Every structure is written in structure tokens, then in C-alpha cells.
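**Q** Here's a structure for you.
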Amino acid sequence: MSNRKKLLFSLGAVAVILAVGAVFAVALSLVSQQGARPKPGSPAPDFALMLFDGYTAGFPRTLQLSDLRGKVVVINFWASWCEECYKEAAALEQAWRRYRERDVVFIGVDYLDTEAPALSYLQQFDITYPNGLDVQQRIARTYRITGVPETFFVDRNGIVREVVIATLDERKLHSVIERLLAQP
């Protein structure tokens, strides 16, 4: 290979390395701007969720998290294609029915789904608490979820008190809700 070709090859390699570095720097910058996952003790990021028809449970068609201050809120990210979500669906609905008269609100945030299978899932489990589709994953990105199911428990002051990145059972649901209800 001639010196000229070696020089051109070296310059090309340097250009590729610089381009990859620039892309990496931009990606890192975007991730850091999005912020971290809300942790226990941090404010729950506000969001608006347009609810599915028939799943408003007496709430406005668009539910705003900040409008629920003064209530304990359980935010559950789920999807109709998620096998683990099927395992917790009955426990979530049962807990909703048990606690809804005690100022506890459940919000189902349907992730990476379409309306028809989501509504079928809700009907299958006779879900009655507010649920809606997370259009363009805005809420999921804000909460930095890593998959489904994930559940955020928010106290009456709008502070995240517990995050569960696993399937919930009745015992865990009741334990966390009772603890949050006992707080002044």
C-alpha cells in the first residue's frame, strides 16, 4: 500500500472514531437530560393519561396525576402481551375494590400496546379502575421503566414511597397501601 493510501486510510479511521465518539456523547447527553427513575422519597413526576372509554371510574376522561394529591396512588405499568401482568391483574383489581373508598386510586398505564388487545385484557380480568394507553410511551419514559409490570406507590403528598419492578401479590399490595394510609 502506498504512503498516500495509508494516509487516507488513517484519516478515514480517525474520522470514524470521531463520529462514533460524537454519537456516543450526544446519546449520553440525552439520557442525562431525561433524568433518573423516580426513587422512593422523590416527587412523582406529573402526567396526564387519557383513559379508555369505560375505564374512567368516575374520573375525568384525561386523568392528571397532580389532581390526585391528598390520595394514595398506585401507578401500575402493564401490557396485554405481558405474561407476568396476567399474574397480578386479579390482585390489583381486588385491592382497588377494597381501598377505593379509602382515598386510594389505582392507575393502569398500558405500555407498548394497542387499544383492542388492551381492552380485551381489561375485560378478561373485570378491571374497573382507571386505565389508559401510554401514547408514544411518554409516561414510561418519564418514569424510566425498564419493562412491565412495574408499580409506583405514591403517598398523599405526591412522593414516591415504593417502586416494585416485579409481579405484585395481594400481600405486598396490602402491606404498602396500609403503610401509606397510616401516614399522616
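**Q** Rounded to the nearest 5, what % of DSSP beta bridges with both residues in the stretch 48-182 are antiparallel?
**A** 55 percent
**Q** Could you tell me the calculated FRET efficiency between Ser66 and Gln136, based on Cβ-Cβ distance and R0 = 22 angstrom, to the nearest 0.05?
**A** The formula returns an efficiency of 0.60 here.
**Q** Sticking with this one: Between Val163 and Gln124, 0.36 nm times their residue separation minus their Cα-Cα distance comes to what?
**A** 11.4 nm
**Q** From a point 7 Å beyond the Cα of Arg97 in the direction of its Cβ, which residues of the stretch 41-64 have a backbone N at a distance under 12 Å?
**A** none
**Q** Also, I was wondering about something else. Net charge near Leu168, counting Lys/Arg +1 and Asp/Glu -1 over other residues with Cβ under 12 Å of its Cβ?
**A** That works out to -4.
**Q** A further question on this structure: Could you name the aspartates and glutamates whose alpha carbon sits less than 17 Å from that of Lys172, not counting residues in the same chain fewer than 8 places away?
**A** Glu84, Glu88, Glu93, Glu150, Asp155, Glu162
Values in this text are rule-based calculations from the coordinates and carry no lab data. Since this is a predicted model, take the numbers as computed values, not measurements. Every residue, glycine among them, receives a Cβ derived from its backbone with ideal geometry; neighbour counts consider all protein chains shown.
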